[in-house]
1. Order of LYS30, LYS11 from fewest to most other C-beta atoms within 10 Å?
2. On a full-extension model of 0.36 nm per residue, what is the gain between PHE131 and ARG67, subtracting their alpha-carbon distance, rounded to one decimal in nm?
3. Can you give the FRET efficiency to the nearest 0.05 for PHE59 and TYR97, using r as the Cβ-Cβ distance and R₀ = 41 Å?
4. What is the extension gain from CYS140 to LEU104, computed as 0.36 nm multiplied by their sequence separation minus the C-alpha to C-alpha distance, in nm to one decimal?
5. Where Lys and Arg each count +1 and Asp and Glu each count -1, what net charge lies around GLN69 among other residues with Cβ under 13 Å from its Cβ?
Amino acid sequence: MTSSSPETNLKIDPEVLEIQKKIYKELLLKQYDLKRGSKFLPIDIEPFKHQRHRLALPFTDEDRAARRQYLKDQLLSEREPVNVPEWTRVNIFRRIYRMPFDALTNLVRPIIVSLHPILFHVKGDHRSWYFRAAIPKVTCTLILFWFAWYRIKYCDVCYVFNINHCSELGNVRQGSKI
C-alpha cells in the first residue's frame, strides 16, 4: 500500500460541513425533545463557571466585572426566600408528624427572635428554623435510644434456648411456671 491514498487528499467544502453540523444539531435537539419533553435547552448563564476557564483563558476586566456581577446577583435579599404556605404542599402524614413540632416552634419563636444576634449569625425569623429543624431530629433520636436501651436492659433474649424473657414475664405474673 502506498502512504498517500486518494481519500486523504479530498477537501470537504465548508458549506457541506456547515450543513452537516446543522443537521447534526437538529438531530440532537429532536433527541433532546423526545427525552426531556422540552423544546428549550438548559443554559448556564454563569460566566467562567470553572476555575480552569478563568486561569487558562485571558481573563479581561470585562470578564471580571461580569463574574463579579453574577456572584453579586446570587446573594439573597432579606425578603427572600418567600414562604407561601398555600404553595408548599405536604402530604397528610407529614403534616400530622409536624404538628406538635410546629406548635412548639410557634411558641418558642418570639423568644428565639428576641435573643441577641451574637448568639445566632442569621438575621430575622430564620433563626427559629434551626430550632424547628433540630428538635424533631433530637426527639426522634432520643426516643429510639430510649427504646433500644429498654430492649437491651430489660428484654434480654436467651439465644441458646430461644426464650424471650419479656414474653415470659407475663406468664410469671399470672402464676404459671417458665
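1. LYS11, LYS30
2. Computed gain between PHE131 and ARG67 is 19.5 nm.
3. Working from the Cβ atoms, E equals 0.20.
4. In short, 11.5 nm is gained.
5. Local net charge: -1.
Here, each number is a calculation from the coordinates, and none is a lab measurement. Note that the structure is predicted; figures quoted are calculated from it, not measured. Glycine gets a Cβ as well: all are built from the backbone with ideal geometry, and neighbour counts include every protein chain shown.
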